[in-house]
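Here's the structure we're looking at; comments come further down.
The values are calculated or read from the model by the stated rules, or taken from the named source; none is laboratory data. Computed from a predicted structure; not experimentally measured. Note that we place each Cβ from the backbone using ideal geometry, even for glycine, and neighbour counts take in every protein chain shown. Side chains are part of the model used for accessible areas, which takes the heavy atoms of the whole protein and leaves out ligands, DNA and RNA. Shrake-Rupley method; radii C 1.70, N 1.55, O 1.52, S 1.80 Å.
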Amino acid sequence: MHTPFSISTHCLAGEELSAALEILSNHTEYIEVMNEGRHYTENASLLAEYPLHYSIHAPTSRGNIASAAELIRADAISAICASIDLAAETNAERVVFHPGNYSGDDGYEKSLPYFQDSVKRITKYGEDAGVPVCIENMGSWRWIYLQKPEELPAVDGTDFCLDIGHAHLCGVLDQFLEKPFVHIHIHDNAGEIDSHGAVGTGTINIEAVMKAVAANHIKHPVIECGTLDASLITLEKLNKLSQ
């Protein structure tokens, strides 16, 4: 039986995109395409071959939207905008993108204007294309933006995607759950490694998460586990919680 939960193609990163869509379509009609690696595509006709509803996760390894080097920043923005174009062609629900990173302990304030300008440009591109976009919080890695709720005002005007695994790594999931979000990535970890495990294999309070999902009226929460088995275990558990 189909469910309102979406599954990210991230769990089948080793497969070609067509194979991943074929497999996942047996479990849900909502898919988030991780537009990266073997799943990178600008081909809307490929996605249209399947009776699925999409969201698109923009590439994460293409440049840096917070770079002071304009060529690097422009390339990163261009890659995200290509995903927006794909979303427009496929009537995808929205596009998710990552924030950029800065250089060294003293680079946060120096790179911040470039980061904010990029976010505004991406958001405007989405608005012009008729595609909602949202920016995702990051985990406990050095020198990267949007790790704490206090940083959300820096991207004011752009919708927020809550990645609960990343927030848990930073020890701020409870605080992030109090903030409004329009999209969510669900996976579990023990607070040390971004393992993208099945719900129940880590230490995240999934009941609290699902209360926030309901409060924010999220139609298609995205399961973003690292394997198909973990995704299906999570799907089963979330279905039970939603009954």
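The residue that is surrounded by the fewest Cβ atoms within 10 Å (Cβ to Cβ), among those in segment 23-64 that are part of a loop (DSSP other than H, G, I, E, B), among the β-branched types (Val, Ile, Thr) and touching a strand residue (DSSP E or B) at 6+ places or on another chain (Cβ under 8 Å), is Thr41.
Residues that are over 22 Å from Met138 (Cα atoms) and in a loop (DSSP other than H, G, I, E, B) were ranked within segment 75-101; the one that is least open to solvent (accessible area, probe 1.4 Å) is Ala92.
Selection over segment 190-201 of residues that are without any contact (Cβ under 8 Å) to a residue 40 or more places away in the chain and surrounded by fewer than 21 Cβ atoms within 10 Å (Cβ to Cβ) gives a count of 7.
Of all residues in segment 12-22, those satisfying the criterion of being within 19 Å of Ser83 (Cβ to Cβ) and either without any contact (Cβ under 8 Å) to a residue 24 or more places away in the chain or not in a loop (DSSP other than H, G, I, E, B) (or both) are Leu12, Glu16, Leu17, Ser18, Ala20, Leu21. Among the residues of segment 171-189, those that are part of a loop (DSSP other than H, G, I, E, B) and open to solvent by 40 Å² or more (accessible area, probe 1.4 Å) comprise Gly171, Glu178, Lys179, Pro180, Val182. Suppose we filter segment 207-243 for residues that are crowded, with 17+ Cβ neighbours inside 10 Å and closer than 20 Å to Val182 by Cα; how many remain? Going through segment 207-243 one residue at a time, the tally reaches 14.
Residue-level check: of (1) outside any loop (DSSP other than H, G, I, E, B); (2) hydroxyl-bearing (Ser, Thr, Tyr); (3) within 20 Å of Thr158 (Cα to Cα); (4) out of contact with any His (no Cβ under 8 Å at 6 or more places or on another chain), Ser67 misses just (1). Here is the figure for segment 196-234: residues that are more than 23 Å from Asp159 (Cβ to Cβ), of a type in the set (Gly, Ala, Ser) and over 17 Å from the mean Cα position of the chain (by Cα) total 3.
On the given criteria, is Leu146 of a type outside the set (Asp, Glu), buried (at least 17 other Cβ atoms within 10 Å of the Cβ) and part of a loop (DSSP other than H, G, I, E, B)? It is true that Leu146 is of a type outside the set (Asp, Glu), buried (at least 17 other Cβ atoms within 10 Å of the Cβ) and part of a loop (DSSP other than H, G, I, E, B).
Taking the listed residues Thr90, Thr60, the one that is among the polar types (S, T, N, Q), at pLDDT below 95 and over 18 Å from Ala19 (Cα atoms) is Thr60, with no other qualifying. When every residue of segment 115-133 is checked against the conditions, at least one turns out to be in a strand (DSSP E or B) and either at negative phi or open to solvent by 10 Å² or more (accessible area, probe 1.4 Å) (or both).
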